[in-house]
Amino acid sequence: MLTYDDLLPRARSLTRPGRRAILGIAGAPGSGKTTLAERLVRDLNGAGEPWATHVPMDGFHLADAELDRLGRRDRKGAPDTFDAAGYAALLRRLREEADGDEVVYAPGFERVLEQPVAGAVPVPPGARLVVTEGNYLLLGTGAWARVRAELDEVWFCEADEEERVRRLVARHEEFGKSYGEAAAWVRGPDQDNADLVAATRDRADLVVRVGAGGPDGPGTGPAD
């Protein structure tokens, strides 16, 4: 059984002289992907210059106005409610411009507004490792297949199912839904997406099993 401390040298080892590495962290909604990615980047950087940068997939959500036009807003978060081709293109650009001297800007996601925000995530020229996370990094259909081709490794973040659902309901409540609305969304669209993501687990290079306390809490432990 690996520990969190084993993940740090594994992430560092992905980089090579003259190239930028991209590490993907996949997993179902509420599995702890973002928390793990943020902790890895924080610990890899320490107090020095940004050596690692976090670029979330959520910046490629389609805007609500476009989802309304397409008739997909009632299942926001499904694979076809993202700009997968745009995400793959950004990952390729991050790799190809590794030796440049300009900042590459990635979109972010504002959870209060539930909307993508352009140019919100700067990737400095000195960043040697990009940690990106999202649900569908291992999906092999459509433009999502291009995403996997740009990633050096993909780790699959896996949490106890009861704890994952609890965290997800709490997140939806935090950002404006009532408990009933949150629970219904988690049992409906979110669960459909979680089932789809779970089917991609075997394509990961590493499975990171997260305990009830999250990556910082008790019970954390990755396993091959």
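Values quoted throughout were computed directly from the atomic coordinates according to the rules given, and no laboratory measurement underlies them. Quick caveat: nothing in here was measured; it's all calculated off a predicted structure. Cβ atoms come from the backbone with ideal geometry, glycine included; neighbour counts cover every protein chain shown.
Each Lys or Arg adds one and each Asp or Glu subtracts one; over the other residues with Cβ under 11 Å from the Cβ of Gln115, this totals -3. Simple point charges give the picture: +1 on the Cβ of Lys and Arg, -1 on the Cβ of Asp and Glu, and for the stretch 4-208 a dipole about the Cα centre of about 300 debye. Placing a pseudo-label 7 Å from each Cα along the Cα-to-Cβ vector at Leu2 and Asp160 gives an inter-label distance of 2.3 nm. Here the stretch 4-208 is treated as a sphere whose radius is the Kirkwood value from Cα pairs; by Stokes-Einstein at 37 °C and 0.692 mPa s it diffuses with a coefficient of 188 µm²/s.
Given the -39500 (n - 2.57) contribution per DSSP H run of 4+ residues, what per-residue ellipticity at 222 nm results for the chain, rounded to the nearest 500 deg cm²/dmol? Walk me through the numbers on the way to the answer.
Working: 8 runs with 77 residues, N = 224.
Calculated at 222 nm, the ellipticity per residue is -10000 deg cm²/dmol.
Projecting the Cα atoms of Leu14, Ala85, Gly59 onto the dipole axis of the stretch 1-103, where Lys and Arg carry +1 and Asp and Glu carry -1 at the beta carbon, places Leu14 farthest toward the positive end. Test of understanding: extend the Cα→C-beta vector of Lys177 to 7 Å, then name every residue of the stretch 122-152 with backbone N under 18 Å from that spot. Hits in the stretch 122-152 for Lys177 at 18 Å: 135-136.
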